[in-house]
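The values are calculated or read from the model by the stated rules, or taken from the named source; none is laboratory data. The model shown is predicted, which means the values in this text are computed figures rather than measured ones. Positions of Cβ are generated from backbone atoms using ideal geometry, with glycine treated the same way; all protein chains shown enter the neighbour counts. Protein only, heavy atoms only, side chains kept; ligands, DNA and RNA dropped before computing areas. Shrake-Rupley method; radii C 1.70, N 1.55, O 1.52, S 1.80 Å.
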Amino acid sequence: MDQLISPLGKSSAVQKLCDTHTPYEKSKNLDLLFIEAMQEIILWHESHCDFYKKLLVKNNFHIDQLKKIEDLSLIPGIWAHFFKTHEILSIKQKDVFLHLTSSGTLGQKSQVFFDAWSLQSAQRMVDWIYQHYGWVDAKTKTNYLLYSYESEQSTKLGTAYTDNFLCKYSPIENVFYALRRDGRGGHEFDIFGTIRALQDFEKEGKPVRIFGFPAFLYFTCLRMKDLGLKPLKLNPQSLLFSGGGWKSHNQQQVSKKEFYQVVEDWLGIPNERLRDGYGSTEHCIPYIECKNHQFHVPIWSRVLIRDFKTLDVLPYGQNGFIHFVSPYITSMPAHAVTMGDMATLYPGSKCGCGIETDYFVLQGRAGLSNNKSCAVAAGELLKSMSHRGSP
């Protein structure tokens, strides 16, 4: 991908911040750069989006109020679910490079639009985090198991787009989709095909990379146990990168520790190569677990925790709504977004992995039941499969 220049200019703070390739660096100079970049992106959206301009006026906000990291809480934010009922742009329609939705055919869909700059910014962040953890291997042929929706050429589903994008970090030998197209516009969980694919991958001996919803992988392992199959020993350079959560299958969700133990026991992938990722179509900054399985905040973002009632910013160790701030996106005013997810924030030093940036622990979801994400739709697919005798 050719290097693109931010619509704000090559010398802008937004460009400089998003060009920084050390994902977990921490310094006062980076804090100052982050503030400057946020000032720029606020002015950008104010001048390019009438809705956001009115939002600033309504909240009596001016960028002169933004001088230090603690002032990020003053920036008027938008609830993620707002994008499920509104299409808000800060660019012309002709400049939309990619249009993604956050759910399948079930429930409301977030409409998120990217210009070429915003999309590349988010993608490069994943590149640099994968490089940081040593997961980029341009030489070794790799088999892929994707617990995501089998793609159609015209798909706009954010989850499927992300999982296919992640296949670029190691050359593809084979790809198997666990959620297969059913020919009727939907998908079905092919659990037996998935087990056969894993068995074939073990025989081939090549590394295996597994992406997607963790519930499906967990139930695959349980089905292998129910069938009396022997545990597999995949290549030790295999990698699990799960994401999307369990959502409507919460009643059968296990702890992260137990989940990783099951995967390690049944697939033979070492614990340090079992990682989870968090992100959303509305906020595409990648949050990827460290070796201690904590979601550290990369330098291109800041995380606040807001009180459930007052929305005031809470200190470390308290549970509230997770609120993301990042200047990377120019296509729509999604630079300060409050999620329906509940979380707790901790200083990086408390983790012990060596990364100094803050990390957050997810505590659940407080969203409305009819606002269904990709994982909710996947959970309902699991539920429908259970009615037909699958897990």
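Before moving on, here are some points about what is shown:
- Summarising the amide proton neighbourhood of VAL175: residues at separation of 5 or more, or on other chains, whose placed amide H is nearer than 5 Å comprise TYR144.
- The residues VAL96, VAL57, VAL313, sorted by heavy-atom accessible surface at 1.4 Å with ligands and nucleic acids left out, run VAL57, VAL313, VAL96 from largest to smallest.
- Were the residues from LEU222 through THR140 laid out at 0.36 nm apart, the gain over their Cα-Cα distance would be 26.5 nm.
- Percent RCO, i.e. relative contact order, over the range 240-349, from Cα pairs under 8 Å lying at least 6 residues apart: 18 percent
- 3J(HN,Hα) along the range 200-208, derived from phi through the Karplus expression 6.51 cos²θ - 1.76 cosθ + 1.60 where θ = phi - 60°, amounts to 5, 4, 4, 5, 5, x, 7, x, 10 Hz, with x in place of Gly and Pro.
- Among the trypsin sites (Lys or Arg not before Pro) in the range 158-236, those located in a DSSP loop and surrounded by at most 13 other Cβ atoms within 10 Å of their own Cβ are ARG184, LYS233.
- Under 5 Å between amide hydrogens, built in the peptide plane, is the criterion, and for LEU239 it picks out VAL208, ARG209, ILE210 among residues at least 5 positions away or on other chains.
- Multiplying the residue separation of THR22 and LYS94 by 0.36 nm and removing their Cα-Cα distance gives an extension gain of 22.6 nm.
- Spin-label pair SER349-ASP312: with each label point 7 Å from Cα along the Cα-Cβ axis, the two points sit 2.6 nm from one another.
- Counting only residues at least eight positions apart within a chain, or on another chain, the lysines with an alpha carbon under 18 Å from that of LYS230 are LYS203.
- Label point distance in nm, GLN199-PHE51, each placed 7 Å from Cα along Cα→Cβ: 5.1 nm
- For the range 83-90, Karplus couplings with θ = phi - 60° (6.51, -1.76, 1.60), whole Hz, Gly/Pro x: 6, 7, 10, 9, 10, 10, 10, 10
- Projected label distance in nm at ARG180 and TRP79, using a 7 Å step from Cα toward the beta-carbon: 4.1 nm
- At R0 = 41 Å, FRET efficiency that the Cβ-Cβ distance of PHE165 and ASN60 yields, to 0.05: 0.55
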